[in-house]
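Report on the following structure.
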């Protein structure tokens with residue numbers, strides 16, 4: 001193949017098409033549990049964290065809920081994936097041998113937000129959220145009437161493999177995927193590029209700028225206790241009892257159970273079987289969608 005701007009453009013388009021097709025076809029679970037928020041700067045501050053405005057009868061002037069009571073900032077991070085292609089391989093028409101590499105690159109880019117989101121979820125026992133407590137904690141502060149305060153737990157302690165219960169039915173969620181710049185395929189193939197001049201190789205890759213962050217802890221429950229009927233029931237009951245500041249019930253209904261592969265069998269048994277181990281109907285059948293992901297480990 002004659003190497004010139006036109007042929008290099010055709011090669012780039014071919015590599016990009018392979019990459020894009022793989023990206024679009026790859027499965028992803030991120031959208032099932034995280035809310036997608038666009039970013040317009042190097043970081044974003046979410047001042048509405050912790051605010052649950054409710055409806056009330058309008059008999060006096062509007063009751064305005066301030067949106068700056070809590071602030072939580074998510075800073076965008078740059079990410080890249082790059083491969084090197086020898087100029088002589090393109091000149092010798094060896095383009096086809098690179099298809100698997102660009103297919104894998106596209107699939108990995110699609111999976112990257114999943115890895116970020118689920119890894120963040122797993123880190124919630126030791127990572128702070130907007131109220132200054134760890135995302136999964138036994139002491140989230142709650143203000144009831146006037147000066148009366150208390151604490152709320154959204155976790156179960158223990159030494160077993162962690163599992164997570166989420167409510168993803170609302171306009172806000174417990175996890176945020178913040179994207180500043182989407183995953184974009186790029187090239188460095190000009191003769192005047194320093195890398196090309198020094199190495200006689202071309203570079204192709206993907207770049208993006210984004211990050212994962214925590215949303216509202218009230219919409220998630222983390223457990224280190226054994227995944228069984230008793231602990232699952234307790235987690236659901238705890239979430240459905242969560243209140244906003246002022247004591248109003250939040251109306252939370254957990255509907256997604258997230259587990260790592262070692263807990264898949266227990267989760268399937270809990271959510272899919274008709275009868276309990278000791279006999280009788282299983283009241284938890286169908287109460288949550290199951291998501292199994294390796295990124296919790």
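The values are calculated or read from the model by the stated rules, or taken from the named source; none is laboratory data. Because the structure is a prediction, the values reported are computed rather than measured. Quick reminder, even Gly has a Cβ in these numbers, built from the backbone with ideal geometry, and neighbours come from all protein chains shown.
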Exercise. Would you mention how many residues in segment 67-88 are modelled with pLDDT of 80 or more, surrounded by 15 or more Cβ atoms within 10 Å (Cβ to Cβ) and more than 17 Å from the chain's Cα centre (by Cα)?
Key: 4
Self-check item: From 290, 263, 268, residue being in contact with a helix residue (DSSP H, G or I) (Cβ under 8 Å, 6 or more places away or on another chain) and in contact (Cβ under 8 Å) with a residue 12 or more places away in the chain
Solution: 290
Exercise. Restrict the check to segment 14-31 and report whether at least one residue is under 13 Å from residue 172 (Cβ atoms) and at pLDDT 95 or above.
Key: no
Self-check item: Sole residue being in a strand (DSSP E or B) and either over 26 Å from the mean Cα position of the chain (by Cα) or closer than 30 Å to residue 8 by Cα (or both), chosen from 176, 206
Solution: 206
Quiz prompt | Filter result for the condition that a residue is in contact (Cβ under 8 Å) with a residue 60 or more places away in the chain and not in a loop (DSSP other than H, G, I, E, B), over 136, 164, 197 | solution = 164
Practice problem: State whether one or more residues within segment 171-178 are touching a strand residue (DSSP E or B) at 6+ places or on another chain (Cβ under 9 Å), modelled with pLDDT of 95 or more and surrounded by fewer than 16 Cβ atoms within 10 Å (Cβ to Cβ). | Solution: no
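Does segment 179-189 contain any residue that is touching a strand residue (DSSP E or B) at 6+ places or on another chain (Cβ under 9 Å), over 23 Å from residue 26 (Cβ atoms) and surrounded by 15 or more Cβ atoms within 10 Å (Cβ to Cβ)? Before the answer, list the steps.
First pass over segment 179-189, keeping only residues touching a strand residue (DSSP E or B) at 6+ places or on another chain (Cβ under 9 Å): 179-189.
Still in the list and also over 23 Å from residue 26 (Cβ atoms): 188-189.
Filter again for surrounded by 15 or more Cβ atoms within 10 Å (Cβ to Cβ), leaving 188-189.
Yes, the conditions are met somewhere in segment 179-189.
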Exercise. All but one of (1) part of a helix (DSSP H, G or I); (2) free of Cβ contacts under 8 Å to residues at least 60 places away in the same chain hold for residue 141, so report the exception by its number.
Key: (1)
Self-check item: Which numbered condition residue 48 fails, given (1) surrounded by 14 or more Cβ atoms within 10 Å (Cβ to Cβ); (2) modelled with pLDDT of 90 or more; (3) within 30 Å of residue 256 (Cβ to Cβ)
Solution: (2)
Quiz prompt | Residues (surrounded by 13 or more Cβ atoms within 10 Å (Cβ to Cβ) and either at pLDDT below 95 or touching a strand residue (DSSP E or B) at 6+ places or on another chain (Cβ under 8 Å) (or both)) located in segment 274-297 | solution = 276, 282, 288, 289, 290, 291, 292, 293, 296
Self-check item: When residues of segment 135-164 are limited to those that are farther than 17 Å from residue 237 by Cβ and touching a helix residue (DSSP H, G or I) at 6+ places or on another chain (Cβ under 6 Å), the one surrounded by the most Cβ atoms within 10 Å (Cβ to Cβ)
Solution: 135
Self-check item: Residue in segment 238-256 that is over 24 Å from residue 127 (Cα atoms) and in a helix (DSSP H, G or I) present
Solution: no
Self-check item: Any pair with Cβ under 8 angstrom, 6 or more apart, that starts in segment 96-121 at a residue that is without any contact (Cβ under 8 Å) to a residue 40 or more places away in the chain and ends at one that is surrounded by fewer than 23 Cβ atoms within 10 Å (Cβ to Cβ)
Solution: 97/89; 101/83; 108/81
Exercise. Only residues that are farther than 21 Å from residue 117 by Cα and in contact with a strand residue (DSSP E or B) (Cβ under 9 Å, 6 or more places away or on another chain): list them for segment 240-265, please.
Key: 240, 241, 242, 243, 244, 245, 246, 247, 249, 250
Quiz item: On the given criteria, is residue 234 at pLDDT 95 or above, in contact with a helix residue (DSSP H, G or I) (Cβ under 6 Å, 6 or more places away or on another chain) and either assigned to a loop (DSSP other than H, G, I, E, B) or surrounded by 13 or more Cβ atoms within 10 Å (Cβ to Cβ) (or both)?
Solution: no
Quiz item: With respect to the numbered conditions (1) part of a loop (DSSP other than H, G, I, E, B); (2) touching a strand residue (DSSP E or B) at 6+ places or on another chain (Cβ under 8 Å), which one is the sole condition not fulfilled by residue 268?
Solution: (1)
Quiz item: Among (1) over 30 Å from residue 83 (Cα atoms); (2) part of a loop (DSSP other than H, G, I, E, B); (3) in contact with a helix residue (DSSP H, G or I) (Cβ under 7 Å, 6 or more places away or on another chain), which single condition is residue 171 missing?
Solution: (3)
